[in-house]
Amino acid sequence: MKKRTKDNFNDLIKLMSKLRSKHGCPWDRVQTHKSLLPYLIEESYEVLDTIEAKDDQRLKEELGDLLLQIIFHAQIAKERKKFDIYEVIENLRQKLIERHPHVFKEKKKLVTEEVLKNWEHIKLAASKAKRRSVLSGLPRHLPALLKAYRLQEKVARFDFDWEGIDEIFLKTEEEIKELKRAYRKRKKEDMEEELGDVLFSLVNLCRRLKINPEFALRKTIDKFVKRFNYIEKRLKQKKISLRKAGLPLLDSLWEEAKRSAV
């Protein structure tokens, strides 16, 4: 492990300030909050990939890249005379204390679900002063599947939830029937609405099963890619082009991939 000092963080802040100065980097100097958005999103997903891969060395590197984005945005805000990184840190410190009264005030022993409920109630109390909704904290650009999961999770902490999982299964089946009815009428707008309801119900099912739908779907996508890559490899061995293979052969190779535990 490399040598660490208490000055590392301050050195990093000074380094970013230098990069943004007139004697710094021309690319860094012209960046804005908006121009950096794609990098912030990309770095967040790269962190996610390393966690899924259980690669600690890469995780350390990717967390650094994500931290760079935070430092970068804070430096731009400082130049605009809005706030600096130390205000970001202090705001976070105060929020952590406020959201954990069972640790810093009342010293209660709570289970995880109670902690999460408390968190949402404290957030709501703070939001009321700003006339905000329970759901207003969710980012507009959050992927739809993950956003549906977080919406349901939040309202459930205020007891707006199904009583049991069987009810969710029934609701999902009901939504599928409605989708079929819309399909028979060939009304695309109705089909889109009903399909959205089916997906929303399935996300609710995921939540009650404590399965993150985003991760579940990502695993299925990875599995599909591996199996299709297997098909392409076998077709190459047979010297048959994908275009000319035909569905019966593709289905056969798909089953072969499954049997091979791909």
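The values are calculated or read from the model by the stated rules, or taken from the named source; none is laboratory data. Since the structure is predicted, the reported quantities are computational estimates derived from the model, not experimental observations. We place every Cβ from the backbone using ideal geometry, glycine too, and count neighbours over all the protein chains shown.
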Practice task
Might you let me know whether the range 183-190 holds any residue that is closer than 30 Å to L48 by Cα and either surrounded by 11 or more Cβ atoms within 10 Å (Cβ to Cβ) or not charged (D, E, K, R) (or both)?
Solution key: no
Problem - Set E62, E120: member being modelled with pLDDT under 90 and in contact with a helix residue (DSSP H, G or I) (Cβ under 8 Å, 6 or more places away or on another chain) - result: E120
Handout entry: Residue check for L12: under 30 Å from T220 (Cα atoms) and either touching a residue at least 12 places away in the same chain (Cβ under 8 Å) or not in a helix (DSSP H, G or I) (or both)
Key = no
Fill in the blank from the handout: Over the range 207-226, the set of residues more than 27 Å from A257 (Cα to Cα), over 15 Å from the mean Cα position of the chain (by Cα) and part of a helix (DSSP H, G or I) is R208
Fill in the blank from the handout: A careful count of residues in the range 233-262 that are part of a helix (DSSP H, G or I) and within 34 Å of the chain's Cα centre (by Cα) gives 10
Practice task
Tell me which residues, restricted to the range 79-125, are assigned to a helix (DSSP H, G or I), under 30 Å from S21 (Cα atoms) and free of Cβ contacts under 8 Å to residues at least 12 places away in the same chain.
Solution key: Y86, E87, I89, E90, N91, L92, R93
Handout entry: Where a residue in the range 234-262 is of a type in the set (D, E, K, R) and its partner, wherever it lies, is surrounded by 15 or more Cβ atoms within 10 Å (Cβ to Cβ), with Cβ under 6 Å and at least six apart
Key = R234/L253
Handout entry: Of the criteria (1) aromatic (F, W, Y); (2) assigned to a helix (DSSP H, G or I); (3) surrounded by 14 or more Cβ atoms within 10 Å (Cβ to Cβ), which one W162 fails
Key = (2)
Handout entry: Subset of the range 232-259 [within 22 Å of K219 (Cβ to Cβ) and either surrounded by fewer than 11 Cβ atoms within 10 Å (Cβ to Cβ) or of a type in the set (D, E) (or both)]
Key = E232, E255, E256, R259
Handout entry: Residues located in the range 29-51, provided they are farther than 24 Å from R140 by Cβ and touching a residue at least 40 places away in the same chain (Cβ under 8 Å)
Key = none
Handout entry: Hey, Q75 touching a helix residue (DSSP H, G or I) at 6+ places or on another chain (Cβ under 6 Å), farther than 30 Å from N212 by Cα, touching a residue at least 24 places away in the same chain (Cβ under 8 Å) and in a helix (DSSP H, G or I) or not
Key = yes
Practice task
Kindly indicate which of W27, W119 is exposed (fewer than 11 other Cβ atoms within 10 Å of the Cβ), of a type in the set (F, W, Y) and not assigned by TED's automatic domain parsing to the domain that holds F160.
Solution key: W27
